[in-house]
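Read through the structure below, which is laid out as structure tokens, and then see the notes.
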Amino acid sequence: MTNSFEADVRAGLSAEQKHLSSKYFYDDNGSRIFQEIMNMPEYYPTDAEFEILAMQSKAIFEALDFSQPFNIIELGAGDGFKTYKLLEYLVNENINFNYVPIDISQQAIDSLTKRLSERLPGLNIKPRTGDYFHVLKEEKHSEIPSLLLFLGGNIGNYHPDEADELLKLFHNNMNEGDKLLIGIDLKKNPLIIHKAYFDPHGITKRFNLNLLLRMNRELGADFKVDDFDFYCHYNPITGDVKSYIVSLRAQKVHFKAMDFTVDFDYNELIWTELSKKYDFEGIDSMASRSGFEIQENFLDCKHYFTDSLWVR
Ligand code: AVI
């Protein structure tokens with residue numbers, strides 16, 4: 001991971017428009033800060049998806065129409081809180097399934113496994129740690145049907161071309177009849193989206209600036225975090241939330257471990273994240289571009305978010 005981190009940092013900070021990938025937000029500190037984001041009242045996707053899974057687990061299970069046993073493979077499981085209600089429903093109904101959570105953070109997977117084993121002792125859990133691009137490829141085709149979970153609106157963090165590529169990769173690693181439940185954040189009143197990302201507590205700012213601390217620690221960089229700020233902007237036409245780190249002065253940053261120096265202009269930006277919002281037309285075309293058929297959309301009561309069930 002460090003080698004591709006190093007290469008991506010070098011390429012991203014050498015580019016005309018500086019950029020870093022938001023996948024590097026999630027070291028153990030970043031994963032902890034993301035938990036704080038999910039607990040903020042302004043960050044509606046967590047509550048919206050929790051409501052969908054709490055209120056509609058039965059409908060989702062029935063829509064699967066799977067023989068038992070089956071697998072539930074969760075990509076980017078995090079602390080698993082969002083999935084808990086679905087798992088709880090299935091365990092309480094004595095449904096025969098294996099839960100295979102995958103996450104990049106060992107700490108998140110450990111705490112998820114511990115919590116779930118305590119709270120749902122009847123759950124058959126087979127945790128995996130790693131980059132799910134790789135882990136999914138490794139997962140052998142199974143004889144039993146699988147439901148892939150890609151929840152939390154993570155697809156919004158991929159640029160449309162990369163999203164297509166990722167969904168095609170899922171498609172290639174699924175058997176015919178397997179299903180994908182994908183969480184997608186919907187376009188809505190721009191002020192609601194703005195507040196969720198430009199939060200008044202400064203937690204999302206900390207989430208972004210943690211990337212500078214990570215580069216200091218892992219790549220020997222000398223970023224002075226106080227010399228950088230955070231900015232983000234929602235474009236309601238395209239549905240793009242774009243997040244940036246802003247250099248508050250002209251400055252040089254040296255990466256000791258990489259023999260690399262970066263010059264920042266006053267107010268220069270590093271683009272760190274895309275959090276794309278979709279409408280149903282956009283969801284339809286994304287599904288068909290990657291070879292899936294949409295079976296059903298499960299929405300929260302405010303219609304902020306959908307867990308969209310796709311069939312391979
Ligand atoms: C993980 N992902 C879906 C979050 C999002 O909403 O794009 C990450 C995040 N970035 C800022 N706030 C939350």
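For the structure I just gave you, tell me whether SER105 is in contact (Cβ under 8 Å) with a residue 60 or more places away in the chain, farther than 19 Å from ILE144 by Cα and outside the structural domain of TYR26 (by TED's automatic domain parsing). Give the derivation first.
Numbers: in contact (Cβ under 8 Å) with a residue 60 or more places away in the chain: yes; farther than 19 Å from ILE144 by Cα: yes; outside the structural domain of TYR26 (by TED's automatic domain parsing): yes.
Yes: the conditions hold for SER105.
Can you spot a residue in the stretch 38-53 that is over 22 Å from LEU181 (Cα atoms), free of Cβ contacts under 8 Å to residues at least 40 places away in the same chain and within 16 Å of the ligand (Cβ to nearest atom)?
For the stretch 38-53, residues over 22 Å from LEU181 (Cα atoms), free of Cβ contacts under 8 Å to residues at least 40 places away in the same chain and within 16 Å of the ligand (Cβ to nearest atom): present.
Can you pull out every residue in the stretch 141-180 that is closer than 20 Å to LYS276 by Cβ and charged (D, E, K, R)?
ASP161, GLU162, ASP164, GLU165, LYS168
From LEU191, LEU186, LEU123, which residue is within 19 Å of the chain's Cα centre (by Cα) and not acidic (Asp, Glu)?
None of the other options fit; the residue is LEU186.
Can you tell me which residue in the stretch 142-157 is nearest to GLY76 (Cα to Cα), limited to those that are more than 10 Å from the ligand (Cβ to nearest atom) and open to solvent by 30 Å² or more (accessible area, probe 1.4 Å)?
Among residues in the stretch 142-157 that are more than 10 Å from the ligand (Cβ to nearest atom) and open to solvent by 30 Å² or more (accessible area, probe 1.4 Å), the one nearest to GLY76 (Cα to Cα) is SER142.
Please enumerate the residues belonging to the stretch 265-310 that are among the hydroxyl-bearing types (Ser, Thr, Tyr) and away from the ligand (no atom under 16 Å from the Cβ).
TYR266, SER285, SER288, SER290 - these are the residues of the stretch 265-310 that are among the hydroxyl-bearing types (Ser, Thr, Tyr) and away from the ligand (no atom under 16 Å from the Cβ).
Do you know which residues across the stretch 192-207 are touching a strand residue (DSSP E or B) at 6+ places or on another chain (Cβ under 9 Å), part of a helix (DSSP H, G or I) and over 13 Å from GLU36 (Cβ atoms)?
Passing the criteria: ILE193, HIS194, ALA196, TYR197.
Can you name the residue in the stretch 9-42 that is under 19 Å from the mean Cα position of the chain (by Cα) and farther than 21 Å from LEU112 by Cα and is also surrounded by the most Cβ atoms within 10 Å (Cβ to Cβ) among such residues?
Restricting to residues being under 19 Å from the mean Cα position of the chain (by Cα) and farther than 21 Å from LEU112 by Cα, the top hit is LEU20.
Give ILE192, ILE95, ILE102 a once-over and let me know the one that is open to solvent by less than 40 Å² (accessible area, probe 1.4 Å) and within 16 Å of the ligand (Cβ to nearest atom).
After applying the criteria, what remains is ILE102.
Among SER275, SER247, SER290, which is open to solvent by less than 10 Å² (accessible area, probe 1.4 Å), in contact with an Asp or Glu (Cβ under 7 Å, 6 or more places away or on another chain) and within 30 Å of LEU13 (Cα to Cα)?
Every option except SER247 fails the conditions.
Tell me, which residue of the stretch 222-237 that is touching a residue at least 24 places away in the same chain (Cβ under 8 Å) and assigned to a loop (DSSP other than H, G, I, E, B) is surrounded by the fewest Cβ atoms within 10 Å (Cβ to Cβ)?
LYS224
Just checking: which of the helices (runs of 4 or more DSSP H) contained wholly in the stretch 23-109 hold 3 or more residues that are at pLDDT 95 or above and not aliphatic (A, V, I, L, M)? It would help to see each step written out before you state the result.
Working: elements: 28-39, 44-64, 84-92.
Result: 44-64, 84-92.
Out of (1) within 22 Å of ILE184 (Cα to Cα); (2) within 16 Å of the ligand (Cβ to nearest atom); (3) modelled with pLDDT of 95 or more, what's the single condition that is false for LEU20?
Unmet condition: (1).
Within the stretch 297-308, does at least one residue satisfy the condition of being at negative phi, in contact with a Ser or Thr (Cβ under 9 Å, 6 or more places away or on another chain) and open to solvent by 80 Å² or more (accessible area, probe 1.4 Å)?
no
Residue by residue through the stretch 80-92, note down the ones that are closer than 14 Å to LEU181 by Cβ and either open to solvent by 10 Å² or more (accessible area, probe 1.4 Å) or hydroxyl-bearing (Ser, Thr, Tyr) (or both).
Within the stretch 80-92, LYS82, THR83, LYS85, TYR89 meet the criteria.
The values are calculated or read from the model by the stated rules, or taken from the named source; none is laboratory data. Please read all numbers here as calculations on a predicted model, not as lab measurements. Glycine also receives a Cβ, built like all others from the backbone with ideal geometry; neighbour counts cover every protein chain displayed. Each accessible area value is taken on the protein alone, full model and side chains, heavy atoms only, with ligands, DNA and RNA left out. Shrake-Rupley method; radii C 1.70, N 1.55, O 1.52, S 1.80 Å.
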